[in-house]
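Beneath this line is the structure, given in structure tokens, with notes to follow.
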Amino acid sequence: MEVETSTIATLVALGSLTVAILNFIWARFKEGTKLRERISSLEQSRTDNEKSRASLKNLEDRESTNSDRLTRLETKMELFWTAMTDNAIKALHHPTETRADLLLLKFKEKTITLAEMEELKQLIRCRLDSKLAKKKNGESYWATFMLARIDMALVDAGAIKITTV
């Protein structure tokens, strides 16, 4: 009986050892599976980050392109407004109105102050009112244009605030 007890004890010990080894293997297998899942998740995150970087690069390229286009458009608009302003100043030149002519010249040279711009607006409005009464529409057009151009300059200088409703 003693042999049988010892055999049973050995078998139980071997069984316990086998269970312990299997538990150890199972635990390592589960850790390996979790590790593989984590690695897969990190690889997916890296792929997503690379896609995000590519998208960001694409947006930066488009922003740069749009910035270049905007710069070219601003340059063209500045050339247009300068040419129109020069023509308006020539059309509004009047030998007897030296103050208005001086202020128009200062406006053209961009040396005019905010107060002088307001004064110039008043002088042009007076001229516009008198010319409209006499039906000289060509000069009225240029006077109206210059009033708008002065207002644009005042907005650029922050003297006029544009509000939206």
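What FRET efficiency do you get for residue 61 and residue 34 if R0 is 41 Å and r is their Cβ-Cβ distance, rounded to the nearest 0.05? Show your work: numbers first, answer last.
Values: r = 40 Å, r/R0 = 0.98.
Given R0 = 41 Å and the Cβ-Cβ separation, E is 0.55.
For residue 96 and residue 160, what does the FRET efficiency come to when R0 = 30 Å and r is the distance between their Cβ atoms, rounded to the nearest 0.05?
Working: r = 30 Å, r/R0 = 1.00.
Computed FRET efficiency for residue 96 and residue 160: 0.50.
Classify region 93-165: rounded, prolate or oblate, from the alpha-carbon gyration tensor (a ≥ b ≥ c, eigenvalue square roots; a/c under 1.5 rounded; otherwise prolate if a/b is larger than b/c)? Let's see the in-between values first.
Numbers: a/c = 2.43, a/b = 1.33, b/c = 1.82.
In terms of gyration-tensor shape, oblate.
Per DSSP H run of n ≥ 4, the term is -39500 (n - 2.57); total these for the chain, divide by its residue number, and report the mean residue ellipticity at 222 nm rounded to 500 deg cm²/dmol. Present the calculation step by step, with values, prior to reporting the outcome.
Details: 4 runs with 144 residues, N = 165.
Computed mean residue ellipticity for the chain: -32000 deg cm²/dmol.
Looking at 140, 19, 35, which one has the Cα that reaches farthest to the positive end of the dipole of the chain (charges on Cβ: Lys, Arg +1; Asp, Glu -1)?
Toward the positive end, the furthest listed residue is 140.
Bear in mind that the values in this text are calculations on the coordinates, not laboratory data. This structure is a prediction, so every number in the text was calculated from the model and none was measured. Using ideal geometry, Cβ is built from the backbone for each residue, glycine included, and neighbour counts are taken over all protein chains shown.
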